[in-house]
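S.K.: One structure follows; several queries about it will come next.
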Amino acid sequence: MGEYKKHWWVLFGVLLCTFTLLGLGGAEVYRSAPPIPQQFIDSQGNIIMTEDDILKGQSAWQTTGGMQLGSVLGHGAYQAPDWTADWLHRELVAWLNIRANEIYGKGYDALTSSEQAGLRQALKEEYRTSANDGTQIVVLSDTRIKAIHEVAPYYVKLYGNDPKYIKTRENFAMKNNTLPDLTAREHLANFYFWTAWIASTNRPGTDATFTNNWPHEPLIDNVPTAENFIWSVASVVFLIAGVGFLIWAWAFSKKEEEIKLAVPESDPLTKINLTPSQKALGKYGLLVVALFVLQVFLGGFVAHYTVEGHAFYGIAVADWLPYALVRTWHIQSALFWIATAFLAAGLFLTPIINGGKDPKFQKLGVDILWVALIIVCVGSFIAQFFALKHIMPAHLNFWFGHQGYEFIDLGRFWQILKFVGILLWLVLMARGWANGFKQKGDKNLLSIFVASVACVGLFYGSGLFYGERTNIAIMEYWRWWVVHLWVEGFFEVFATAAFAFIFYNLGLVRYKTATGATIISAALFLLGGVPGTFHHLYFTGTTTPIMAIGASFSALEVVPLVVLGYEAYEHWEKQHQAPWMDKLKWPILYFVAVSFWNMVGAGVFGFMLNPPLALFYIQGLNTTAVHAHAALFGVYGFLALGFVLLIVRYIRPNHLFDDGLMRLSFWALNAGLVLMIVTSLLPIGVYQAHASITEGLWYARSEGFLQQDFLVRLRWIRTIGDVVFIIGAMAVAWQVIKLVFAKTDDDNHHRNAPINR
Ligand code: HEM
Ligand SMILES: [Fe+2]
């Protein structure tokens, strides 16, 4: 630890406190998970539905692709409705009409406003108190049962083949016969009913529903709670305070101008002989760009489904390649290529850590891992096809087909295989690290790098802590352990540590500066990032403390992000530090983009959604797509591509980047992303937000709203940004292909090659 003792203690302290909070919060998530009643019964004691029916519905929902087709409790895809909000609204309207007819002999709309207000009051009282007499056996009123029986057939028909709903299915980008089995469709309706029940009945002893009053539904006063207001304001205050303190600490700790760093005459990394395992990484680059190109084409395809729900420019493709499947592949391939690039980066650095040589059988390990990656990727994709086509038997779906949970869509079997692959990766690297640690010298930078890599790998395992029938609130807790702790925790630390490690090895940063700054940045990222996980759980069936912790700490996440302009500048400057850096110009520019999008995509657009008050209204609108694209591609996409460019540059030392191609790729990717956001996703999101705030979430995601000409046109306009982006993707892919297939000549003697002198 040596002179970095203080830094490490800060980091350990942060880890201890934040994981304690995350753990305590987890205990609260388990304790307060919305109950699934054993039975819903009528006033005579007849059973309307059972716990088993609801859980069977959850499984049936998974076989449709779950979150990849519409959303539940706000999480999922954006074109079809949020089924929770949609069911709730339909059931409430049905109830009002039934009562209006019983009492006044006419429909609700025909009543006077005071008659309507009276009915709404009765509606609210009934729905809000539904759990008051116990949550195991719940008695439903006759009116409510009638309402359920009016609403359920709509879903049963919608998910089937009823010709009446063809247009609606097209508007929702659902294929006909999305769920062919009738009983499964009935169970699906039971599941949707249950999610609406927890969203409309108060948690016993409180004034808020199990979902903290989400979704916005004026008919039963589902409006933000007082706590929601308080913690939203608090989160803004924390953000401002955090930024203030950061600048304060930075200014006061700034040392005198450091002595100028003596930059090496030539690139130090080219002095290390390339090992066989490093040379074997070209195929990782190919896999990355192949999956990237596949992903962006799939993305264009998914986007097209939002304007033509069953077809691609007139070709009827939905039966075979429905929206839910294509969207699954779009997201899964993104995760696969980004992960593959990270694996490659770790594997490239291993022999360098190991003193310039391969651990035994390293090349074989690298080759096996590559094949394993392809098997998991292709295997899980094919399995998802059979699952959504319902060729795979439903009881095998969760394990081998489609879990239905966004980002961890692949069946459990494939998920385990992927985890095994990740463990293999860690083992391959650990052998080099072990040796690295044995050598003399300061090991602090290596330690933080190794720790971040190990956490990236191991945390994928948290996705195994729930099963097919786990209560969805508890499933969400673990799902976000993977997704959130990755992107807003260990990936950030990994990126910072990898930059420090690479730039130190290039002789471009002082060891001391790099090491201290990396450990402290890690502490800063994790301080907000770890408890910040709860910002995904405000409305998934949790209590106020979860919202409070989530809102406060995730605001702190934004603090290090908004000052990343400084990091961008430092990376930019690296280009000019030495003449040989010119050859690393493009990877460096990709790293500048990482910082830019971290600031804008993650920091600014992330915070746009983040206060509970904002998310209450805009969860699951196109505003989320704005942030998701700007942050996930903007940060980790550019990072992954930067890594690949760096690797191919070193394994093909005698070749240069094609400046024209690289310029095209860099600017088209950035411009495409900006266009996609500014001309389409953001305006749609803001327009939807207005609808959600004035009418309710159900409306902002409804067919009637989303099919307005103006919004269809905005979705069409997205094509422009998509095409520009696809051009950028193809350009960078072509560059990587050209370099990987270039003749390598005399790799091991390249230190004397003219371009490296
Ligand atoms: C590079 C870092 C980040 C990446 C890659 C990232 C990525 C994503 C993605 C892909 C989603 C969509 C999830 C879904 O569709 O359910 C999402 C949602 C969200 N992110 Fe981030 N994010 C990052 C940083 C942040 C930050 C710093 C904040 C704010 C402090 C934030 C706040 C949110 C919130 C509140 C949601 C939920 C939106 C919803 O459920 O509708 N994110 N993020
Ligand atoms: Fe998050």
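The values are calculated or read from the model by the stated rules, or taken from the named source; none is laboratory data. Computed from a prediction, not measured in an experiment: that's the story for all the values here. No Cβ is skipped: glycine too gets one built from the backbone with ideal geometry, and neighbour counts run over all protein chains shown.
S.K.: Taking the condition of being touching a Phe, Trp or Tyr at 6+ places or on another chain (Cβ under 7 Å), assigned to a helix (DSSP H, G or I) and surrounded by 23 or more Cβ atoms within 10 Å (Cβ to Cβ), how many residues in the range 601-626 meet it?
M.R.: Result for the range 601-626: 5.
S.K.: A further question on this structure: Given LEU24, LEU88, which one is more than 16 Å from ligand 1 (Cβ to nearest atom), more than 26 Å from ASN397 (Cβ to Cβ) and crowded, with 24+ Cβ neighbours inside 10 Å?
M.R.: LEU88
S.K.: Checking THR533 against (1) within 24 Å of THR84 (Cα to Cα); (2) in a helix (DSSP H, G or I); (3) of a type outside the set (Lys, Arg); (4) more than 16 Å from ligand 2 (Cβ to nearest atom), only one condition comes out false. Which one?
M.R.: Only one criterion is unmet by THR533, namely (4).
S.K.: Here's another thing I want to ask about it. Counting only residues that are on the phi > 0 side of the Ramachandran plot and in contact (Cβ under 8 Å) with a residue 24 or more places away in the chain, how many does the range 191-214 have? First the steps, then the outcome.
M.R.: We begin by selecting, within the range 191-214, every residue on the phi > 0 side of the Ramachandran plot; these are 205, 212-213.
Still in the list and also in contact (Cβ under 8 Å) with a residue 24 or more places away in the chain: 212-213.
Going through the range 191-214 one residue at a time, the tally reaches 2.
S.K.: Scan the range 498-520 and tell me whether some residue there is within 15 Å of ligand 1 (Cβ to nearest atom), of a type outside the set (A, V, I, L, M), touching a helix residue (DSSP H, G or I) at 6+ places or on another chain (Cβ under 9 Å) and free of Cβ contacts under 8 Å to residues at least 40 places away in the same chain. Give the derivation first.
M.R.: Filtering the range 498-520 for residues within 15 Å of ligand 1 (Cβ to nearest atom) gives 498-499.
So of that shortlist, the ones also of a type outside the set (A, V, I, L, M) come out as 499.
With the extra rule that they be touching a helix residue (DSSP H, G or I) at 6+ places or on another chain (Cβ under 9 Å), the set shrinks to 499.
Restricting the remaining residues to those that are free of Cβ contacts under 8 Å to residues at least 40 places away in the same chain gives none.
No: the range 498-520 contains no residue that is within 15 Å of ligand 1 (Cβ to nearest atom), of a type outside the set (A, V, I, L, M), touching a helix residue (DSSP H, G or I) at 6+ places or on another chain (Cβ under 9 Å) and free of Cβ contacts under 8 Å to residues at least 40 places away in the same chain.
S.K.: Hey, any hits in the range 635-652 for a residue that's part of a helix (DSSP H, G or I) and within 16 Å of ligand 2 (Cβ to nearest atom)?
M.R.: Let us first name the residues in the range 635-652 that are part of a helix (DSSP H, G or I), namely 635-651.
Narrowing the set further to residues that are within 16 Å of ligand 2 (Cβ to nearest atom) leaves 635-636.
Yes, some residue in the range 635-652 is part of a helix (DSSP H, G or I) and within 16 Å of ligand 2 (Cβ to nearest atom).
S.K.: Tally time: how many residues in the range 385-422 are over 23 Å from LEU73 (Cα atoms) and under 20 Å from the mean Cα position of the chain (by Cα)?
M.R.: Residues meeting the conditions: 6.
S.K.: Now a separate question. Determine the pairs where a residue that is over 14 Å from SER692 (Cα atoms) and in a loop (DSSP other than H, G, I, E, B), located within the range 70-88, has a partner that is of a type in the set (S, T, N, Q) and near ligand 1 (Cβ under 10 Å from one of its atoms) with Cβ atoms under 9 Å apart, the partner being 6 or more residues away or on another chain.
M.R.: LEU73/THR540; LEU73/GLN619; ALA77/SER71; ALA80/SER71
S.K.: Also, I was wondering about something else. Kindly indicate whether any position in the range 541-553 is away from ligand 2 (no atom under 16 Å from the Cβ), of a type in the set (Phe, Trp, Tyr) and within 28 Å of the chain's Cα centre (by Cα).
M.R.: Within the range 541-553 (the criterion being away from ligand 2 (no atom under 16 Å from the Cβ), of a type in the set (Phe, Trp, Tyr) and within 28 Å of the chain's Cα centre (by Cα)), the answer is no, since none of the residues qualifies.
S.K.: Given (1) in contact with a helix residue (DSSP H, G or I) (Cβ under 8 Å, 6 or more places away or on another chain); (2) over 18 Å from GLY421 (Cα atoms); (3) not aliphatic (A, V, I, L, M), where does ASN471 come up short, assuming only one miss?
M.R.: That leaves (1) as the condition not met.
S.K.: I'd like the full set of residues that are touching a Ser or Thr at 6+ places or on another chain (Cβ under 7 Å) and of a type outside the set (Gly, Ala, Ser), limited to the range 162-181. I'd like the intermediate steps shown before the answer.
M.R.: Residues of the range 162-181 touching a Ser or Thr at 6+ places or on another chain (Cβ under 7 Å): 173, 178-179.
THR178, LEU179 - these are the residues of the range 162-181 that are touching a Ser or Thr at 6+ places or on another chain (Cβ under 7 Å) and of a type outside the set (Gly, Ala, Ser).
S.K.: Taking into account only those residues within the range 457-486 that are in a loop (DSSP other than H, G, I, E, B) and either among the hydroxyl-bearing types (Ser, Thr, Tyr) or within 16 Å of ligand 2 (Cβ to nearest atom) (or both), which is surrounded by the most Cβ atoms within 10 Å (Cβ to Cβ)? Lay out the reasoning, then the answer.
M.R.: Taking the range 457-486 and keeping what is in a loop (DSSP other than H, G, I, E, B), we get 465-471.
With either among the hydroxyl-bearing types (Ser, Thr, Tyr) or within 16 Å of ligand 2 (Cβ to nearest atom) (or both) added as a condition, the list becomes 466, 470.
Details: TYR466: 21, THR470: 16.
In this case the residue turns out to be TYR466.
S.K.: Consider LEU561 carefully, then state whether it is within 16 Å of ligand 2 (Cβ to nearest atom) and of a type in the set (A, V, I, L, M, F, W, C). Break it down stepwise before answering.
M.R.: Values: within 16 Å of ligand 2 (Cβ to nearest atom): yes; of a type in the set (A, V, I, L, M, F, W, C): yes.
When the stated conditions are applied, LEU561 passes them.
S.K.: So, of the residues in the range 508-530 that are more than 30 Å from GLY25 (Cα to Cα) and among the polar types (S, T, N, Q), which turns out to be nearest to ligand 2 (Cβ to nearest atom)?
M.R.: THR515
S.K.: I've got another one for you. For the range 665-689, give me the residue count where each residue is surrounded by fewer than 21 Cβ atoms within 10 Å (Cβ to Cβ) and of a type in the set (Val, Ile, Thr).
M.R.: Qualifying residue count, the range 665-689: 4.
S.K.: Another one. Go through the range 628-645 and give me each residue that's among the aliphatic types (A, V, I, L, M) and within 7 Å of ligand 1 (Cβ to nearest atom). Explain how you work it out, then say what you get.
M.R.: So the first thing to find is which residues in the range 628-645 are among the aliphatic types (A, V, I, L, M), and the list is 628, 630-632, 635, 639-641, 644-645.
Residues satisfying the conditions are ALA628, ALA631, LEU632, VAL635.
S.K.: Give the range 700-724 a look and list any residue that's free of Cβ contacts under 8 Å to residues at least 40 places away in the same chain and in a helix (DSSP H, G or I), or say none.
M.R.: Step one: list which residues in the range 700-724 are free of Cβ contacts under 8 Å to residues at least 40 places away in the same chain, which gives 704-705, 708-711, 713-714, 717.
Answer for the range 700-724, where residues must be free of Cβ contacts under 8 Å to residues at least 40 places away in the same chain and in a helix (DSSP H, G or I): GLY704, PHE705, ASP709, PHE710, LEU711, ARG713, LEU714, ILE717.
Residues checked against (1) of a type outside the set (Lys, Arg); (2) modelled with pLDDT of 95 or more; (3) under 26 Å from the mean Cα position of the chain (by Cα):
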site	(1), (2), (3)
VAL723	yes, yes, yes
ILE726	yes, yes, yes
ALA729	yes, yes, yes
LYS738	no, yes, no
LYS743	no, no, no
ALA753	yes, no, no
ARG757	no, no, no
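S.K.: Further, regarding this structure: Do we find that THR129 is farther than 20 Å from LEU697 by Cα and surrounded by fewer than 16 Cβ atoms within 10 Å (Cβ to Cβ) in this structure?
M.R.: On the way: farther than 20 Å from LEU697 by Cα: yes; surrounded by fewer than 16 Cβ atoms within 10 Å (Cβ to Cβ): yes.
Yes.
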